[in-house]
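Note sheet for the following structure.
The values are calculated or read from the model by the stated rules, or taken from the named source; none is laboratory data. Note that the structure is predicted; figures quoted are calculated from it, not measured. Note that each Cβ is placed from the backbone with ideal geometry, even for glycine, and that neighbours are counted across all protein chains shown.
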Amino acid sequence: MTDLVRFGLLGLGTGGIYALLGLGLVVIYRGSGVINFAHAGFALVGAYLVYEFQTVRGNGLAFSLVAAVLICALMGVLTHFLVMRPLRGASPLARVIATLGILTLLTQAVVLEYTAKQIITASPVPTEAVTLPGGIIIGRYAFWLVGIAAVFALLLTVTSVRTRFGYAISASADNPRGAAALGWSPDVLASVTWGVGGGLAAVAGAMMPATTSGFLSPITFSILIIGALATALLGGFKSYPMALGGGLFIGVAQSLVGHWVNDHVEATQRQGIPDSLPFLIIIIVLVLRGRGLPLRGSISDRLPRVGTGRTRPLVVVVTTALALLWVGLGASKDWYVPVIISATFAIIGLSIVVLTGYTGQLSLAQFALAGIGAFTAAKLAAVQGWRFEPALLAGVLVAMAVGFLFGLPALRTRGVNLAVITFGLGFAVSQLVFGNSAYTESARVIPRDLTLLGIPIDPVSHPRNYALMCIVLLVVAALGVANIRRGRSGRRLLAVRTNERAAAAIGVNVFEAKLYGFTLSAAIAGLGGVLLAFSNPAVLYQSVFSSGSSISVLVLTVIGSAGYLAGPMVGSVLASGGLVTLTASNEATNAAVEDAASWQQYLPLITGVLLLVVLILNQNGISERFDAFTRPLRARIPGLRPAPSQPLPKTERTTVQPRRLAVKGLTQRFGGFTALEGVDLEVGPGEVVGLLGPNGAGKTTLIDCVSGNNRLTAGSITWDGRDISRWAPYRRSRAGLSRSFQSLELFDDLTVRENLLAAADPRDRAAYVTDLVWPGYPPLPATVVAAVEELDLEPLLDRRAEDLSYGQRRLVAIARAVASNPSVLLLDEPAAGLDETESAELGHLIRRLADEWGMGVLLIEHDVALVLANADRVVVLDFGRKIAEGSPAEIRNDPAVRKAYLGEETESTAAQA
């Protein structure tokens with residue numbers, strides 16, 4: 001028991017550091033809505049500034065500490081105004097990636113100035129031992145760090161709940177525009193919180209020598225961000241007292257776990273277990289809680305633009321042939337290794353295109369997946385004696401399996417929250433697997449005399465052949481990713497990326513699509529990892545496949561363009577040891593060869609700066625900007641011009657499968673508010689049922705319940721007599737129940753044609769495999785052609801949805817709802833924003849769908865004339881209750897309906913008066 005208490009108290013020192021860092025993360029998040037992945041970088045700079053002022057320049061501790069805090073606070077303010085403020089209209093993922101760029105800048109600046117080696121500095125707080133009751137001996141620093149963290153937590157709490165400034169920060173976090181209307185500048189508030197957060201990070205960094213016996217190195221700080229994120233999550237990124245308690249809890253728990261591991265786990269198996277505890281806490285908090293952090297503007301913010309995936313066979317063949325001829329015949333041997341490094345980085349970058357560009361999920365563990373593939377293949381080749389071909393295949397398959405597991409958290413969280421999880425996953429893999437020599441020693445030395453289909457490809461004796469192989473596999477992987485973009489599976493991924501609710505409404509299984517994105521990206525990453533590992537005589541897994549490498553490849557891909565095939569190719573040129581390194585070396589004079597070689601050390605710093613510049617100027621990346629700039633020129637060159645629009649296919653009229661929708665006793669409550677109560681409704685084949693009611697009557701809520709977006713409080717929904725109340729939205733859509741949205745919710749990254757095809761595509765799982773080879777060119781189905789012709793959408797088919805006017809977008813949303821050829825169509829205010837002519841065309845389309853195609857239509861509209869002119873039957877709601885049902889003529893003269901809309905008294909009421 002004494003040992004447990006002693007080790008628990010020993011963890012208070014680390015817990016105090018976590019608490020200080022967590023408090024800083026909470027402050028920044030509350031003021032700006034940004035999760036600062038660069039926070040450990042601020043702490044690193046703070047620690048080395050104190051070392052510089054105190055140890056190197058001989059200043060006093062007080063001066064050194066105050067100077068470091070002020071400088072880091074100023075860095076925080078500059079970060080807001082120079083980086084985050086210009087990115088306020090960017091997506092949350094772009095802002096997170098920007099913080100990774102800042103982390104790269106800060107870390108590399110320290111490494112360039114002080115190297116990555118350890119330094120020794122004095123502790124800022126007393127470290128002498130103190131004896132507690134029971135003979136427990138512990139360093140005094142632990143209590144100092146807890147006290148310092150507690151003081152800052154108290155100050156922040158009092159400021160947030162007792163001052164107008166604190167109230168303003170809370171108001172700005174919830175509603176920036178509202179705070180501005182009250183006279184508070186969200187920019188000023190955010191900059192102050194960034195400054196306070198930077199200062200707290202500096203304090204945490206300055207206190208680090210107390211917990212490390214005076215030793216400091218950048219590696220020491222690289223693992224702090226995981227514990228800091230876990231600390232802030234335990235505080236909900238909102239509560240300072242909970243963040244304080246969370247940090248102390250993690251520190252104590254880590255110390256106790258470390259004590260238990262030392263007593264019960266073999267020495268060869270202990271590596272990384274205590275350090276991985278914060279990751280476990282992150283998983284519990286984010287995944288089991290099932291909800292993420294609210295992010296400002298996360299609904300309307302745009303993700304980076306995505307390319308079309310179209311390839312020109314002649315261009316691909318010529319470019320590939322030139323690259324192969326240059327490497328095979330023209331390039332000197334000095335180019336082989338840079339080609340291999342850039343090619344393998346580009347392959348891993350393609351995995352980011354699939355996951356982040358197409359699926360919209362930010363993963364910071366792609367190099368961990370690459371390392372798993374490499375480790376598997378190397379183990380089988382070195383220990384089991386497997387040939388290169390089956391070892392490569394096995395590495396890819398194992399990486400796919402692990403990628404599938406990595407994707408499971410994506411089923412309950414997404415976006416920035418998922419980035420936190422994958423960052424922890426990559427860190428845990430690096431610590432537990434790659435950092436454990438008991439696992440990696442047997443797979444460290446790569447077998448020589450490698451062959452591929454009988455061709456020698458050993459990178460030592462035949463580096464040219466190995467480089468050629470990497471180029472060929474890069475082209476194959478790129479073609480597969482391009483095919484995915486153009487195929488059914490690509491449209492599903494982009495639908496999920498843009499709007500998960502709308503994707504489910506057209507029949508896309510969101511969970512399945514996400515898992516496919518993770519699995520495919522892991523396979524591509526595994527391929528790149530195997531090629532990178534086998535290019536070396538021996539592999540240092542923890543350094544090659546580290547969390548820092550995952551950040552690097554993400555940064556390079558985003559610079560190039562995360563949504564374009566060319567993005568990884570452009571970015572990989574800047575990889576350390578890649579093509580740009582040798583290019584710079586070749587341009588140097590003989591007298592400057594040494595300087596040219598040392599130029600490589602500045603490359604990470606340069607890429608960090610370049611990332612920030614690219615994000616600020618154009619978050620879509622270099623390839624997207626080049627594509628847009630050269631589009632007019634390419635339109636004039638035969639063979640590079642865009643393909644002509646496909647004409648609408650000739651179709652034969654058929655009827656949809658007749659189905660009947662019945663709603664019985666539908667009740668929907670939200671807390672104490674009853675939105676719907678006991679509503680009965682039926683829609684049969686070929687029948688247009690109008691649903692009227694004033695604002696707040698519960699019309700949209702009814703559609704949300706019927707389509708599966710809301711879980712019923714009471715009642716039932718049947719489909720041809722079968723209860724579907726518990727069916728998922730995508731399953732209802734596949735059964736023939738389709739809907740439109742009041743807010744449209746189009747897939748803006750897709751063209752109008754692709755929006756319609758996304759809804760009309762069959763939902764076969766075979767497409768996930770066949771699209772890699774042949775995506776096909778499916779025609780628009782007959783009902784879609786009818787909608788396109790009726791609504792005059794043919795000139796818009798090849799335009800992106802984001803480029804359309806509101807009225808055009810409204811018509812496209814209606815056509816997309818029709819595209820799945822539903823048996824029953826739910827239209828939620830389809831005429832909103834349409835002019836009189838467009839409304840008349842919409843009415844004709846609705847009648848045509850019902851009369852010619854046999855489709856049942858539930859039409860919700862505020863345009864009463866449109867409903868009464870086209871409906872066979874009308875239902876009227878008021879305050880969640882059905883008050884009338886009948887023919888249009890009956891509803892037109894119903895006194896209860898007039899009262900609901902106009903406030904008129906019924907005759908009976910007037911008579912009683």
Just one of the numbered conditions (1) over 26 Å from the mean Cα position of the chain (by Cα); (2) under 28 Å from residue 120 (Cα atoms); (3) at pLDDT below 85 is not true of residue 181; which one? (2)
Which of the residues belonging to segment 778-792 are at pLDDT 85 or above and not in a helix (DSSP H, G or I)? 792
Matching residues, segment 375-412, being closer than 16 Å to residue 446 by Cα and part of a loop (DSSP other than H, G, I, E, B): 383, 384, 385, 386, 387
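I'd like the residue in segment 755-770 that is of a type outside the set (A, V, I, L, M, F, W, C) and buried (at least 22 other Cβ atoms within 10 Å of the Cβ) and, out of all such residues, is farthest from residue 480 (Cα to Cα). Don't jump to the end; show me each part of the working.
Here is the first cut: in segment 755-770, the residues of a type outside the set (A, V, I, L, M, F, W, C) are 755, 761-765, 768, 770.
So of that shortlist, the ones also buried (at least 22 other Cβ atoms within 10 Å of the Cβ) come out as 755, 761.
Values: 755: 22, 761: 20 Å.
Looking at the filtered set, the residue picked out is 755.
Out of all the residues in segment 30-63, which are touching a residue at least 60 places away in the same chain (Cβ under 8 Å) and polar (S, T, N, Q)? Quick ask: steps written out before the conclusion?
Filtering segment 30-63 down to residues touching a residue at least 60 places away in the same chain (Cβ under 8 Å) leaves 30-51, 54-55, 61.
Once the filter is applied, which keeps residues that are touching a residue at least 60 places away in the same chain (Cβ under 8 Å) and polar (S, T, N, Q), segment 30-63 yields 32, 36, 54, 55.
Taking into account only those residues within segment 729-745 that are at positive phi and in contact with a helix residue (DSSP H, G or I) (Cβ under 6 Å, 6 or more places away or on another chain), which is surrounded by the fewest Cβ atoms within 10 Å (Cβ to Cβ)? Outline the logic, then answer.
Step one: filter segment 729-745 for residues at positive phi, giving 736, 744-745.
Subset that is in contact with a helix residue (DSSP H, G or I) (Cβ under 6 Å, 6 or more places away or on another chain): 744-745.
Working: 744: 21, 745: 18.
Among them, the one singled out is 745.
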Per the list (1) among the aliphatic types (A, V, I, L, M); (2) modelled with pLDDT of 90 or more; (3) assigned to a loop (DSSP other than H, G, I, E, B), residue check on residue 681 breaks on (3)
I need the full set of residues from segment 777-807 which are of a type in the set (Gly, Ala, Ser) and either surrounded by 19 or more Cβ atoms within 10 Å (Cβ to Cβ) or out of contact with any helix residue (DSSP H, G or I) (no Cβ under 9 Å at 6 or more places or on another chain) (or both), in order please. 786, 787, 801, 805
Meets criteria (touching a residue at least 40 places away in the same chain (Cβ under 8 Å) and in contact with a Leu (Cβ under 9 Å, 6 or more places away or on another chain)) for residue 615: yes
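Out of the residues in segment 169-212 meeting the condition of being without any contact (Cβ under 8 Å) to a residue 60 or more places away in the chain and of a type in the set (S, T, N, Q), tell me which one is nearest to residue 115 (Cα to Cα). Please lay out each step first, then the result.
Initial filter on segment 169-212 (without any contact (Cβ under 8 Å) to a residue 60 or more places away in the chain): 171, 174-175, 177-186, 188, 212.
Filter again for of a type in the set (S, T, N, Q), leaving 175, 185, 212.
On the way: 175: 44, 185: 41, 212: 18 Å.
Checking each candidate, the answer is 212.
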If we ask which residues in segment 440-463 are outside any loop (DSSP other than H, G, I, E, B) and surrounded by fewer than 18 Cβ atoms within 10 Å (Cβ to Cβ), their number turns out to be 7
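Just one of 203, 196, 192 is surrounded by fewer than 22 Cβ atoms within 10 Å (Cβ to Cβ) and in contact with a helix residue (DSSP H, G or I) (Cβ under 9 Å, 6 or more places away or on another chain); which is it?
192
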Does at least one position in segment 298-313 carry a residue that is assigned to a helix (DSSP H, G or I) and modelled with pLDDT of 85 or more? yes
Residue 368 fails exactly one of the following numbered conditions: (1) touching a residue at least 40 places away in the same chain (Cβ under 8 Å); (2) not assigned by TED's automatic domain parsing to the domain that holds residue 479. What is the number of that condition? (2)
Residue list for segment 386-431, filter: modelled with pLDDT under 90, surrounded by fewer than 18 Cβ atoms within 10 Å (Cβ to Cβ) and not hydrophobic (A, V, I, L, M, F, W, C): 412
Taking segment 688-718 and the residues there that are under 15 Å from residue 731 (Cβ atoms) and among the β-branched types (Val, Ile, Thr), the one that is farthest from the chain's Cα centre (by Cα) would be 718
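Does residue 82 fit the bill of being farther than 29 Å from residue 123 by Cβ and surrounded by fewer than 24 Cβ atoms within 10 Å (Cβ to Cβ)? Don't jump to the end; show me each part of the working.
Values: farther than 29 Å from residue 123 by Cβ: yes; surrounded by fewer than 24 Cβ atoms within 10 Å (Cβ to Cβ): yes.
Yes; evaluated as a whole, the condition is true for this residue.
Has segment 161-181 got any residue that is closer than 18 Å to residue 38 by Cα and crowded, with 24+ Cβ neighbours inside 10 Å? Spell out how you get there, then give the answer.
The first filter runs over segment 161-181 and keeps only residues closer than 18 Å to residue 38 by Cα, leaving none.
No; the residues of segment 161-181 include none that is closer than 18 Å to residue 38 by Cα and crowded, with 24+ Cβ neighbours inside 10 Å.
Restricting to helices (runs of 4 or more DSSP H) lying wholly in segment 690-777: which have 3 or more residues that are more than 30 Å from residue 310 (Cβ to Cβ) and not small (Gly, Ala, Ser)?
Details: elements: 699-707, 729-735, 752-760, 767-770.
Where helices (runs of 4 or more DSSP H) fall fully within segment 690-777 and carry at least 3 residues being more than 30 Å from residue 310 (Cβ to Cβ) and not small (Gly, Ala, Ser), they are 699-707, 729-735.
Within segment 125-140, is even one residue of a type in the set (Ser, Thr, Tyr), buried (at least 20 other Cβ atoms within 10 Å of the Cβ) and either over 30 Å from residue 558 (Cβ atoms) or touching a residue at least 60 places away in the same chain (Cβ under 8 Å) (or both)?
Filtering segment 125-140 down to residues of a type in the set (Ser, Thr, Tyr) leaves 127, 131.
So of that shortlist, the ones also buried (at least 20 other Cβ atoms within 10 Å of the Cβ) come out as none.
No, there is no match, as no residue in segment 125-140 is of a type in the set (Ser, Thr, Tyr), buried (at least 20 other Cβ atoms within 10 Å of the Cβ) and either over 30 Å from residue 558 (Cβ atoms) or touching a residue at least 60 places away in the same chain (Cβ under 8 Å) (or both).
Of all residues in segment 480-501, count the ones that are in a helix (DSSP H, G or I) and either in contact with a helix residue (DSSP H, G or I) (Cβ under 7 Å, 6 or more places away or on another chain) or assigned by TED's automatic domain parsing to the domain that holds residue 769 (or both).
Step one: filter segment 480-501 for residues in a helix (DSSP H, G or I), giving 480-486, 488-498, 500-501.
After this cut, where a residue has to be either in contact with a helix residue (DSSP H, G or I) (Cβ under 7 Å, 6 or more places away or on another chain) or assigned by TED's automatic domain parsing to the domain that holds residue 769 (or both) as well, the list is 481, 484-485, 488-497, 500.
Residues in segment 480-501 being in a helix (DSSP H, G or I) and either in contact with a helix residue (DSSP H, G or I) (Cβ under 7 Å, 6 or more places away or on another chain) or assigned by TED's automatic domain parsing to the domain that holds residue 769 (or both): 14 in total.
Return yes when residue 636 is of a type in the set (D, E, K, R), in a loop (DSSP other than H, G, I, E, B) and at pLDDT 85 or above and no when it is not.
no
Residue-wise test of (1) at pLDDT below 90; (2) touching a Phe, Trp or Tyr at 6+ places or on another chain (Cβ under 8 Å); (3) outside any strand (DSSP E or B).
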| position | (1), (2), (3) |
| --- | --- |
| 833 | yes, yes, yes |
| 838 | yes, no, yes |
| 847 | no, no, yes |
| 858 | no, no, no |
| 867 | no, no, yes |
| 876 | no, no, no |
With respect to residue 89, is the statement that it is over 25 Å from residue 142 (Cα atoms), surrounded by fewer than 20 Cβ atoms within 10 Å (Cβ to Cβ) and either in contact with a Pro (Cβ under 6 Å, 6 or more places away or on another chain) or at pLDDT below 90 (or both) true? yes
Take residues that are aliphatic (A, V, I, L, M) and tell me which of the helices (runs of 4 or more DSSP H) falling wholly in segment 517-573 contain 2 or more. 547-560, 566-572
